[in-house]
Every structure is written in structure tokens, then in C-alpha cells.
Amino acid sequence: MSKKIKSFSTTAVPLDAENVDTDQIIPARFLKATSREGFGKNLFRDWRFQDGDEAKPKPGFVLNEPAFQGKVLVAGKNFGCGSSREHAAWALKDYGFDAVVSSFFADIFKNNALNNFLLPVQVSDGFLQKTMSAVQENPATKIAIDLENQTITVAGASEHFDINAYKKTCLLNGYDDLDYLLSIREDIEKFEKG
Amino acid sequence: MTLFDKIWEKHIVREIPEGPAVLYIDRHFIHEVTSPQAFSGLEKRGLPVFRPSQTIATADHNVPTLNQHLPIKEEMSRLQVAQLVENCQKYGIDLYGLGHRFQGIVHVIGPELGITQPGQTIVCGDSHTSTHGAFGAIAFGIGTSEVEMVLATQCLLQSKPKQMRIHVDGELGRGVSAKDIILHIIAQISAAGATGYFVEYTGSAIRSLSMEARMTICNMSIEMGARGGLIAPDETTFEYIKGKPFAPQGADWDKKLADWKLLFSDPYTDFDHELYINAADIEPMITYGTNPGMGIPVVGKIPNGQHLPENERASFQKALEYMGLQAGTNIQGQQIDYVFIGSCTNARIEDLREVAAFVRGKHKSPNVEVWIVPGSKQVEAQAIAEGLDKVFESAGFQLRQPGCSACLGMNEDKIPAGKYCVSTSNRNFEGRQGMGARTLLASPLTAAAAAVTGVVTDVREMFLSVDEGYEKS
């Protein structure tokens, strides 16, 4: 897993659907593995393949269209709803995505993504629609994401996105929450004593 | 202060400026699916489990619900369950695994053992952890990285959510249950309507519910996007907890009870959002689409999506195509193939009793396969002690063994592609119950009615015919 996110510019994959739940991102039957690796090949498994068969890619599903490549997934609102399975974030990251752009994310998914250095970029409805159309019309459209300045730029238009200052520092420096919690163990023990 | 505020503030270890709070976690439940990578993370860093006595484990998602005494057939499932046993032994965590008399769905066993208590912070690597909020606890689902954090430090970094109050007043009609209340709410505010919020449920209709019914409501809070839902504890709550295996006893009980009685939202406290619902407006509900917000009264017509913004209509249409249903038609009368009564939403003893009372003397439709999957070994034992197993058997319903079963299409219990299943579970996502399966979410009573008639049915009409029968005799 690549740690540290700063700024990057990439083409994108447009997934024009709302309420994409984590059962679609990674169906439950693939949650039997006990390691974090290798979930990318089952990303959107049942949208990608007919009858679950890798030899039968479903035409029309965006991951099966060679024109669309890139490190950013652009998706409709309420992305990542449903099950808390972190395997969804692992699958997206393992497949090669570094960011997901949507007009809003389900809460648990957002935390899981951040904990895996997969950046959830929340934009306005209008900006999302423009981004979606721009990428659909021209797969070569570049999306530039600058975490330091919290901006996303697509086809000349920019928008600011929110992220809390603590999380931003973590992502920029490659720290994770557990490092921080371990560093305050004394405080936790003191809290327990009341 | 709200109920949520009171519990939240008591659990803050410290706050990070412009960042989240360090929240102390009282109870941590784990299961076989979302914990293995957390344990291997600990191992990689050479860390012990910080407070092993505050974590409780069970095997539920990936277990068969027939022949649980035999080794699990599928190798990866068997290994995953074995991994949980090994991790619990290694780190000194209590495990109620397969074969244990306390084994069951994690959100069923916590409450029934008295481990879940008012005022606690409770987490689990499962989104339906919101269930425990029914006791007046802050309970929410987390990812595996967070499971690792709780194992290592008993804490999590959490930003405080916004707060919503949903007030349900009035009396429920006959045949309308807690499941219908929550499906009604989600249909009203959508599957994303409470994202970013914690929800407190209040009102006379909520107060009149049993603990098990309250759990059904809090369980599905996540299905409208809420992090969790909670209900202030009251006499019903205290009565339920008293005498449970892990409930406080003696002087400790009196002390805890005094604390619990302070757990309520102060009058005139502002919430970020409020919603009022009249219980009398709620009818038996059922879903027709592929997210839990796509629900209608059983007597309603399937909508055409024109109520949605234009850019969302394609997804709506895709959902109807997946379901093989037509806009503008009645859902009532839709043929079904399976009925699944189970899951952390509706697999408690009251659910089984309600179904048994309804089907006593009736038989399932020949076209329908009916699975009853109790939420825990204790529920199963109680059902058998009350003779419910005999009622199910004569109705042609199959009583299976405890587990998450056909709720999530992970273990052996799956609904075949293209088949319709009226399910008391919580999610109707594409493929949720098995690849290509078509799920109609409903209450146990509506599911039982469909099992008998073989089609989606308004259970109230069946009461009517039963009542008329009584009058004639």
C-alpha cells in the first residue's frame, strides 16, 4: 500500500451510478480471505462479469471499457453505503485507484478509505455532474487533485474540498491513526482510572 | 444536552484541535470476517491486545446453518473460522464460537447476554452494530483498521457526528411492527437521508416497543446512512437487562441503575434535524428495489422514479430491471420463491413467536421454500422449549441453526439468481442474498403471510379472514 498522498493528476473512470454499496464494490463471497491483499481482481465483480465468470466481461460496464483508465474513480452520490467491510477500500486501492470523487460518501466507507490512503474527494452535485460528463465525453480528461491546497481541477474548473486538518496531516506524511493512539497510551490508562 | 452528548463526553480521552476526538470504547465485539487482518496487523507491529476482557468474539457471518456439529465444508470458510479460534486463544479473548451455547449473531448475543448496557460505547467491525443503540448506548460499525486500533488501544479517533431526532408518536395499527416503522422512515428520507448523523428515536410509539422491537429499529439506522441510532433507556430496558448472565448484580446493579436513569436528552435540546412521524400513518411495508430506501406500503404501487432528480432516474430504472418489476403495478400479488426469517434485524425470540402464532394451523405455499434462522443458540433453545419448532415443522418451515445465513450471500445459504425472496433482513442490494437474487425486505409477519400464500400479501387481510372465521364458528 502506497502511503503518503500529496498531489497528482490522472485520467479517471466514470461510474455513473448513485448509492453504490459495498456489496457491489466487493461481494460478500469474496470476504473469506484473511489477508488484505488481492481484492482488486474482484472489484465490482458482479457488474464486471456475467455469471461471475472472468471469461465473460459484461460489455458496457465502465471497467471493461479500455478507453477509461486512471487512478481516480468518479461515482454518483452516497458512494460506499451499506456494509462496513474495509475490503471495499482494499479492493479499490488494490485495483489501482488512489481517489474516489463523489458528491458524498457513506461515513464508514470514508473512514475506511482514509485509513488506507484512498482519498475520498467530496464535491458539489454540480461539480460532480460536470466532471462525470467531461470524463465520459473525453476519456483523456485529466483530473488534478491537490491535497495540500484541498482543490480538485477538471477541464479548467476548480473546486475546494473539505478534509479535517488532522487527517490531512496524516495523509501528507503517511501517519496512521494507530501510530497516534499508541503514542498516547499513558493518557488512555489515566482515563481508565477515572 | 442530548443523550448522545452525555455518553460521548464521558468517553473522550482527549480532543485533537481541528481534528477528531479520542473516544474510549467500553465494549468491542468481533467476528470471523472483519477481524483476521486486524490481528495480523497487531502481529506485524508486535502489539498485545490492550484490554482483552473488553472484547467478545463469536462466529456468525461465515458459518453454515445446518449440521453445525460437522466440520465446515468449504475450505476458506473453515480456515477463517479456525483463524478466529486461534486468534482468541492467542490473545485471551472470550469466544462464543460454533458449538458454544451462547453462539449466535453478534448483535443478538451482546444484548441477550447482558453485555450491552446503557451509557456504553460499543463498536464492532459490522455496520449493524447500531443495533445496540436500543439500550441507550453509542454503538456503531467500524472497519478492520479500526478493529485493530481498538484491540491495540481500546480507543478510536472519531469526529462528532451531527444529531437527528426522529419522533414517532401514536399507536401502530394491527399487523404493523417495528420493522414497518423503520422501513417507513427510510422510504421517507432515503437510503442516504441520515448520512453524517446519529439518530435518537423518541415518541410514544417508540416507548411502547419491547427491547427486541427497539433493536430492529436501531439496527436499520445504518440503512439511511446514519452512523447509529439510539433510544433512551427506561423501565423496559432495565427490566430486559436484569438477571442476564453479564448484567450487574447486587449493589453494583443499584449503582448502575442510578446512572442509567440519567441517560436521556434534556428537554428543549436542539437537534441538527428533526423528523415527526405519526404511527397511525404507517402501514405494513415492503421494498421493491435495490436499496432499503426503495420501500412502499404492501398495498401500494411500484413508483416510476419521476419523484427523483433526473440524473438519478437511470439508477432507479436499473434497479427495477434487476428486480424484474414494473413501475405502476401493485407489489401485492407478486409471486415469490423464498422466505427468509432471520438476521440481526429480526431473528430474536419475539420474531419467532410472532411468526409461529401466525402460522399455527396454516401451511406454506407449495412454491415457496421457507427458512427460519434463529439469531442465537439461546433463541433456538427457547424456541424449541416453547414448541415453536413443532409449529414451524407442521407449517413446512425449515428451522435452521444460528448464523447470519441468507442475509449476506457469504455462507452456504444463498438465494438462487432470479428468485424472489421476502426477507426479514436489512439489505436488498443487488446480489446481497446471492448472485442475481431478488430481495423484498419486510417484517416477520409480512414474510410469514407471503410464505403461506406464495405471493406478496397484506397480512391485515389474513387477520380479517381469521376474525371472520371466529365469528362464524
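The values are calculated or read from the model by the stated rules, or taken from the named source; none is laboratory data. These numbers were taken from a predicted model, which means no experiment stands behind them. Note that each Cβ is placed from the backbone with ideal geometry, even for glycine, and that neighbours are counted across all protein chains shown.
Residue-level check: of (1) in contact (Cβ under 8 Å) with a residue 40 or more places away in the chain; (2) in the same structural domain as B:I122 (by TED's automatic domain parsing), B:T236 misses just (1). Taking the criterion of being part of a loop (DSSP other than H, G, I, E, B) and crowded, with 19+ Cβ neighbours inside 10 Å, the only residue of the stretch B:251-263 that qualifies is B:L263. For the stretch B:1-39, what are the residues that are of a type in the set (D, E, K, R), outside any strand (DSSP E or B), more than 8 Å from chain A (Cβ to nearest Cβ) and farther than 17 Å from B:K162 by Cβ? Of everything in the stretch B:1-39, those that are of a type in the set (D, E, K, R), outside any strand (DSSP E or B), more than 8 Å from chain A (Cβ to nearest Cβ) and farther than 17 Å from B:K162 by Cβ turn out to be B:K10, B:D26, B:E32. Suppose the filter is over 19 Å from B:I142 (Cβ atoms), of a type in the set (S, T, N, Q), modelled with pLDDT of 95 or more and surrounded by fewer than 21 Cβ atoms within 10 Å (Cβ to Cβ); does B:Q103 pass it? Spelling it out, it is not the case that B:Q103 is over 19 Å from B:I142 (Cβ atoms), of a type in the set (S, T, N, Q), modelled with pLDDT of 95 or more and surrounded by fewer than 21 Cβ atoms within 10 Å (Cβ to Cβ). Screening B:A319 with (1) buried (at least 18 other Cβ atoms within 10 Å of the Cβ); (2) in contact with a helix residue (DSSP H, G or I) (Cβ under 7 Å, 6 or more places away or on another chain) gives one miss only, at (2).
Residue-wise test of (1) within 13 Å of another protein chain (Cβ to nearest Cβ); (2) under 30 Å from B:L308 (Cα atoms); (3) not in a strand (DSSP E or B).
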position: A:I5; (1), (2), (3): no, no, yes
position: A:V13; (1), (2), (3): no, yes, no
position: A:Q24; (1), (2), (3): yes, yes, yes
position: A:S35; (1), (2), (3): yes, no, yes
position: A:L63; (1), (2), (3): no, yes, yes
position: A:Q69; (1), (2), (3): no, no, yes
position: A:L73; (1), (2), (3): no, yes, no
position: A:S84; (1), (2), (3): yes, yes, yes
position: A:V100; (1), (2), (3): no, yes, no
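Taking the stated definitions as given, is B:I181 in a strand (DSSP E or B) and crowded, with 22+ Cβ neighbours inside 10 Å? No: the conditions fail for B:I181. Within the stretch A:47-76, the only residue that satisfies the criterion of being at pLDDT below 95 and either basic (K, R) or closer than 26 Å to B:D126 by Cα (or both) is A:G52. Taking into account only those residues within the stretch B:194-210 that are in a loop (DSSP other than H, G, I, E, B), of a type outside the set (V, I, T) and within 14 Å of chain A (Cβ to nearest Cβ), which is surrounded by the fewest Cβ atoms within 10 Å (Cβ to Cβ)? Checked the stretch B:194-210; the qualifying residue surrounded by the fewest Cβ atoms within 10 Å (Cβ to Cβ) is B:G196. Evaluate the following for B:S35: is it at pLDDT 95 or above, within 12 Å of B:N87 (Cα to Cα), surrounded by fewer than 23 Cβ atoms within 10 Å (Cβ to Cβ) and out of contact with any strand residue (DSSP E or B) (no Cβ under 7 Å at 6 or more places or on another chain)? So B:S35 does not fit the description; no. Determine whether B:I372 is more than 14 Å from every other protein chain (Cβ to nearest Cβ) and free of Cβ contacts under 8 Å to residues at least 12 places away in the same chain. In short, no. Before we move on, is A:A89 within 10 Å of chain B (Cβ to nearest Cβ) and of a type outside the set (D, E)? In short, yes.
Taking the stated definitions as given, is B:L42 outside any helix (DSSP H, G or I) and of a type in the set (A, V, I, L, M)? When the stated conditions are applied, B:L42 does not pass them. Remark: pairs (first residue in the stretch B:308-330, within 11 Å of another protein chain (Cβ to nearest Cβ); second residue surrounded by fewer than 16 Cβ atoms within 10 Å (Cβ to Cβ) and in a helix (DSSP H, G or I); Cβ separation under 8 Å; 6+ apart in sequence or on different chains) = B:N311/A:Q129. Total residues in the stretch B:45-64 satisfying the condition of being more than 11 Å from chain A (Cβ to nearest Cβ) and in a helix (DSSP H, G or I): the figure is 2.
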